[in-house]
Amino acid sequence: MAKVEQLNELLHRELSVAINRELEFPEAFITVVYVSCNPDLQFAKVGVSVLPDRLAGTALKKLKASSGRLASVITKNTRLRKVPRLLWEFDPTERKAAVLEEFFLKIEDDDEDSPPISIA
């Protein structure tokens, strides 16, 4: 496995734990969806989903403000000498999945309401 992929996995795991332990934000549930480090390992894009998604902006502000503290926690818990600079972004996948699920449920309901088609 490449060094970048290993670091992505390590940061994903450590950030997931650190956010839940270090960040006090009981109104929202924050999940790390992905971590993607650039090849020189200077920056890491961290995609997060936030439920409810109306709090995504507030959650991102809180995450950006806590980046230094989260990096310190990761440094203490791992053998990393330097943690890449964390760049936070909202991942809308959960929102899109909810919209699609609602759409499919509506289609199912419409199918149940319509009479069966007979083929002669």
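One table, with the values for the structure above:
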quantity	calculated
Enumeration of residues in the stretch 90-104 that are surrounded by fewer than 14 Cβ atoms within 10 Å (Cβ to Cβ) and either among the charged types (D, E, K, R) or touching a Pro at 6+ places or on another chain (Cβ under 8 Å) (or both)	96, 101, 102
Residue 73, sole failed condition from (1) in contact with a helix residue (DSSP H, G or I) (Cβ under 8 Å, 6 or more places away or on another chain); (2) in contact (Cβ under 8 Å) with a residue 24 or more places away in the chain; (3) not in a helix (DSSP H, G or I)	(3)
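Okay, residues lined up against (1) of a type outside the set (Ser, Thr, Tyr); (2) loosely packed, with under 14 Cβ neighbours inside 10 Å; (3) outside any helix (DSSP H, G or I):
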| site | (1), (2), (3) |
| --- | --- |
| 8 | yes, no, no |
| 27 | yes, yes, yes |
| 30 | yes, no, yes |
| 41 | yes, no, yes |
| 82 | yes, yes, yes |
| 106 | yes, yes, no |
| 112 | yes, yes, no |
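Readers should treat all values here as calculations from the given coordinates under stated rules, not as data from a laboratory. This is a predicted model, so every value here is computed, not measured. Here the Cβ is made from the backbone with ideal geometry for all residues, glycine too, and neighbour counts use every protein chain on show.
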